[in-house]
Amino acid sequence: MTNDNYTGVTTGTVATACSLAAIDAILDSDDIACVKVETPKKTLDIIIDECKKISSTKAYAVAHKNPYNDPDVTVDLAIISTVELLDKNDGEKDIIITGGDGVGKITKPGLQIPVGDYAINPGPRSMIVKNLKDKVPEGKIIKVTISIPEGKKIAKKTMNPKLGIVGGISVLGTTGIARSMSSDAYKNSIVTQLDVALASNIENLVFVPGNIGEKLALNQLDITKEQIVQTGNYVGFMFEEAEKRGITKFTFFGHMGKLIKVAGGIFNTKHAVADGRREIMVAHAGLCGASQNDLKRLFDSKTTDDMMDILNELNISVEVSNSIADAIKDRCKQRFDLDLNVILVDMEGTYLNNNFII
């Protein structure tokens, strides 16, 4: 499908390829093994796993996303396009695109697709239309139905349930090409949480790093899942996008080991990008009166939980946690116009600082 191990194709490209193969099977009755898909970036050769003509006006084709160097849950997923030729009525579009089994439906406002429609994004829809528009016979329309048999199962591993996309995954892609470890693709998926929250008039948002933070926040705070916004490692990006949308007051909740990095000005909390946890902890413990010997013990610790045990032993854990929470607020104020309520917890959800509001 592509020339290296660092790029792949989007679900939208595969859906387009299957649609092309199916219409070609209807019009030409050939066994379609490969099609050329025009993406916004370039033309790609996409291998078709199976293509079958059901009748003179109906066919389907199956293809899958080849593996590439990325933890993409849709890799190796079979995508099916069933294409039908129907008589055209006045006012009808030449190409109608809909979803089938395993493609999610939109149930909340704020996304690119209206409520009630299938989660086939504008990019893939446009690509399907562009590739099929010259193949529409006179007086006919092409109806395209995209199905993803494993979509409902895979959707549990995506942001879809949180975004109100039910019954399956989304058909995505803006360029048609998926980049290895694409931060842009991930950012695009998590930022939609903000748009859904705004469109649904949800207030008192709680930003958390990920699933663990969400679980702990739901246990500790009187909130619903709809109020949770996951940042992943992209704390700075999500805070910037929140500010752009006028969301300037919210709670930042999470495990000390993640949130402490922001106190040091680290707004991408991925371990491979930057760490600094022990240095930040040692600095704040020193500000709170810890001795040189105790600071060395902290510096030699492997985890923030181990560090908290030492601080508890010294009876300064709350003081240090408060200092770190204040530093997180200050760092964020330096970069954004945000009024944060910072809550630091351990893996059990126990509050570590007490300078917050519930």
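No value in this document is a laboratory result; all are computed from the given coordinates. This one's a predicted model, so the numbers in the text were calculated from it and none came from an experiment. As a convention, Cβ positions derive from the backbone with ideal geometry for all residues, glycine included, and neighbour counts pool all protein chains shown.
Exceedance of the 21 Å cut-off in Cα-Cα distance is limited, within the set 105/215; 156/225; 42/152; 261/302, to 105/215; 42/152.
Listed peptides 204-211, 289-296 appear in the order 204-211, 289-296 once ranked by packing, highest mean of other Cβ atoms within 10 Å at the front.
Taking Cα extents along the principal axes in Å as calculated from this structure, the corresponding entry among (i) 55, 43, 37; (ii) 83, 41, 31; (iii) 55, 47, 37 is (ii). Label 7 Å along Cα→Cβ of residue 49; segment 138-163 residues with amide nitrogen under 11 Å? Hits in segment 138-163 for residue 49 at 11 Å: 148-150.
Taken about its Cα centre, the chain carries a charge dipole of roughly 340 debye when the Cβ of each Lys and Arg holds +1 and the Cβ of each Asp and Glu holds -1. With neighbour counts taken as other beta-carbon atoms within 10 Å, the residues 55, 170 rank, fewest first, as 55, 170.
Here the contact order of segment 103-155, divided by its residue count and restricted to Cα pairs under 8 Å and six or more residues apart, works out to 33 percent. Explain nothing, just the number: relative contact order of the chain, from Cα pairs under 8 Å at least 6 residues apart, as a whole percent. Dividing the mean separation by the residue count of the chain yields 14 percent. In terms of other Cβ atoms within 10 Å, 214, 348 run from fewest to most in the order 348, 214. Most simply put, the chain has about 60% antiparallel DSSP beta bridges, counting only bridges with both residues inside it. Pairs of Cα atoms nearer than 8 Å and 6+ residues apart set the relative contact order; for segment 222-339 it is 31 percent. Once backbone amide H atoms are built at 1.01 Å from N, residue 59 has 54, 83 as its partners under 5 Å, excluding neighbours fewer than 5 places away on the same chain. Rounded, prolate or oblate for segment 7-179? Axes are the square roots of the Cα gyration tensor eigenvalues, ordered a ≥ b ≥ c, and the cut-off for rounded is a/c under 1.5. Here segment 7-179 falls in the oblate category. In summary, the aspartates and glutamates within cross-link reach of residue 143, defined as a Cα separation below 17 angstrom excluding same-chain residues under 8 places away, comprise 24, 84, 87, 90, 92, 94, 101, 117, 134. Rounded to the nearest 10 degrees, the angle from helix 211-220 to the longest Cα principal axis of the chain is 60 degrees. Here's the picture: charge each Lys and Arg Cβ at +1 and each Asp and Glu Cβ at -1 in segment 202-345, and of 271, 229, 218 the one pushed furthest to the positive end of that dipole is 271. Mean residue ellipticity at 222 nm, helices only, the chain: -11000 deg cm²/dmol; runs of at least 4 DSSP H residues each add -39,500 (n - 2.57), and the sum is divided by the number of residues.
Among 224, 16, 231, 39, the order by Cβ neighbours within 10 angstrom, fewest to most, reads 224, 39, 231, 16.
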